[in-house]
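Participant: Please find one structure pasted underneath; my questions will follow.
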Number of protein chains: 2
Amino acid sequence: MPDEVAVQAWRELSRQYATLSCALESALQEQHQLGMSEFEVLDRLVGAQDCTGLRMQELGEQIHLSQSALSRTVARLEKDGLVERQLCTSDRRGVFVHPTDAGRERHAAARPTHRAVINTTLGE
Amino acid sequence: MPDEVAVQAWRELSRQYATLSCALESALQEQHQLGMSEFEVLDRLVGAQDCTGLRMQELGEQIHLSQSALSRTVARLEKDGLVERQLCTSDRRGVFVHPTDAGRERHAAARPTHRAVINTTLGE
DNA sequence: GTACGTTAGTTGCACGTGCATTGAATGCGC
DNA sequence: GCGCATTCAATGCACGTGCAACTAACGTAC
């Protein structure tokens, strides 16, 4: 792969990401009072069938966010009453996170927006 | 395009961007004391054949950065002596930015790193 | 049991970013 | 000439992020 082609690919990747993440951020914020990271976390939590929730670590593997950023994102969600943190009994270092009813509702409301923005922006 | 396919595409895009931007950021910072945005600006400036430099506005069109972020990025580059700002005589609201010799050198040194990281990361 | 290295998650801090505002310069209508 | 909307760039401010340091809990060796 010649250098210039790779650089062009990077610029295209960069452009797409910037456009889409920006569109998602503002649409979710405006219509549902959710940041992109917040929605992403909520999306994974609701998507996980296990009712006990996910551990921070598992979330971290799925979402590209530093450990500290994830910790604060979950803290914001908890403050808004959308998720609950629960100490893991088997390994008391761990923390289970699971959505509340309000969290599930907010997610259900925001999901169509999320999907729509992705579809229209990627299909441009 | 079904929703789930689009969401998967977005997640893949997101993953690639996170991996590559993170790798670029740390490699450029560590080896050349340049942030990713700084390099990007320098890269455009050196790439522009026009010796008088580019206007802030033109830079803004090429780089996906808010106007304020761009302003500060150029300010950082100027503080490090890598670019110079010059008032535009025809339209005194405008500002021309052009690389200094030091800027050209730093860019020449950083460019191989930039290309290498992109090639290895995109080819994974 | 005690000590030690490792792992999970949180917090202090500095930094880059976006939004909104500001200030200066331009162009247009009159 | 005089206003007035618009454009370009810089700045105040709040916020999310990453890094490094920290605390707590676990596992192992002895």
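Each value in this text was obtained by applying a stated rule to the coordinates, not by laboratory testing. The shown structure was predicted, so the numbers you read here are calculated from the model rather than taken from an experiment. Every residue, glycine among them, receives a Cβ derived from its backbone with ideal geometry; neighbour counts consider all protein chains shown.
Participant: Name the single residue that is farthest from DNA strand C (Cβ to nearest atom) among those in the range A:65-90 being within 22 Å of residue A:17 (Cβ to Cβ) and surrounded by 19 or more Cβ atoms within 10 Å (Cβ to Cβ).
Facilitator: A:73
Participant: Within the range A:91-109, does at least one residue satisfy the condition of being within 10 Å of DNA strand D (Cβ to nearest atom) and within 14 Å of chain B (Cβ to nearest Cβ)?
Facilitator: No - not one qualifying residue is present in the range A:91-109.
Participant: Next question. Which of the residues that make up the range A:2-49 are more than 30 Å from residue B:122 (Cβ to Cβ) and in contact with a strand residue (DSSP E or B) (Cβ under 9 Å, 6 or more places away or on another chain)?
Facilitator: Matches in the range A:2-49: A:42, A:45, A:46, A:48.
Participant: Here is a list: A:98, A:32. Which entry is touching a residue at least 60 places away in the same chain (Cβ under 8 Å) and not acidic (Asp, Glu)?
Facilitator: None of the others qualify; the one that does is A:32.
Participant: Which count do you get for residues in the range B:91-102 that are away from DNA strand C (no atom under 13 Å from the Cβ) and surrounded by 13 or more Cβ atoms within 10 Å (Cβ to Cβ)?
Facilitator: Number satisfying all stated conditions: 5.
Participant: So is residue A:40 loosely packed, with under 14 Cβ neighbours inside 10 Å, more than 7 Å from every other protein chain (Cβ to nearest Cβ) and part of a helix (DSSP H, G or I) or not?
Facilitator: So residue A:40 does not fit the description; no.
Participant: Tell me whether the range B:77-88 contains one or more residues that are within 14 Å of chain A (Cβ to nearest Cβ), in a helix (DSSP H, G or I) and within 16 Å of the chain's Cα centre (by Cα).
Facilitator: No.
Participant: Out of the residues in the range A:1-37 meeting the condition of being in a loop (DSSP other than H, G, I, E, B) and within 23 Å of residue A:74 (Cβ to Cβ), tell me which one is farthest from the other protein chains (Cβ to nearest Cβ).
Facilitator: A:33
Participant: Out of the residues in the range A:63-76 that are touching a helix residue (DSSP H, G or I) at 6+ places or on another chain (Cβ under 8 Å) and part of a helix (DSSP H, G or I), state the one that is farthest from DNA strand D (Cβ to nearest atom).
Facilitator: A:74
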